[in-house]
Each structure stands twice: as C-alpha cells, then as structure tokens.
Amino acid sequence: MLIALFWLRCAVAAAAITAAFGHPRAEEAAERVAERPAGRRQCFSTTQTREKIDEKKLTEPFACMRAAARELNGEALSARLCRHEEIFVYEISVLRPDGRIVKLLFNAATGKPHSGRKND
C-alpha cells in the first residue's frame with residue numbers, strides 16, 4: 001500500500017512538473033483552450049492566473065491550498081484559477097490519506113470555501 005501511494009505521489013508530481021515546465025506548445029494550447037468562451041466556466045493558464053491575481057487583487061492560491069489540505073487532512077497537489085459565471089474560484093486538488101484525489105472550490109476573492117452557488 002505504501003509503495004502504491006509513493007508511486008501515485010510520484011506520478012502526480014511528475015504531471016505537475018510537466019504542466020508547470022512543459023513544452024512551450026503545451027502552454028500555448030492551454031492558453032487557447034482557456035480563451036475559448038466556455039459559457040459558465042472558464043479556467044486560466046499559469047500566466048493568465050498571475051495576471052488575474054494582480055489585476056483583480058485575488059487571494060494567493062497557496063493560502064487556499066493550505067486550507068484545503070487542513071480541511072481534508074491531506075496533501076494539496078495543485079490549484080487552478082477558474083471563473084464560474086462572474087465569480088473567480090480556485091479549484092484545489094487534494095490527495096486524501098485514503099489515496100483519493102478530491103477537488104474543492106475556494107472563492108479567489110475571499111479565500112473562503114465556495115459551494116459553487118452564485119451567492120457564496
């Protein structure tokens with residue numbers, strides 16, 4: 001079980017590193033996908049996320065990652081900034097002790113958990 005958990009963490013870390021430092025074309029593709037009108041939901045690339053944090057004075061994602069890890073007694077793996085309708089949210093992926101990966105939403109403006117409803 002410990003070996004499987006170790007390899008799962010390695011695979012997740014490798015995917016995160018590849019996403020963060022991957023091929024320049026991968027970043028361009030991610031930006032093109034993020035720019036598409038998605039109706040209710042739009043997620044941003046790393047570069048766009050940095051710009052939105054500065055422009056909109058959003059909470060830093062690391063604070064939300066720590067809160068998510070504490071809430072699930074797990075390890076925060078990644079954060080992604082998305083816009084659900086007019087609200088900016090961080091989608092935080094957390095590896096729970098049982099090996100499951102769970103995603104939590106946090107309001108990027110306030111840093112508080114977000115239920116996905118408009119009035120949160």
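Laboratory data are not the source of any read-out in this text; all were calculated from the coordinates shown. Only a predicted model underlies this, so the values are computations on that prediction, with no experimental measurement involved. Positions of Cβ are generated from backbone atoms using ideal geometry, with glycine treated the same way; all protein chains shown enter the neighbour counts.
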For the peptides 79-89, 97-107, what is the packing order when you average, over each peptide's residues, the other Cβ atoms within 10 Å and list the highest mean first?
79-89, 97-107
For the pair E71/T47, report the inter-label distance in nm, with labels modelled 7 Å from Cα in the Cβ direction.
3.1 nm
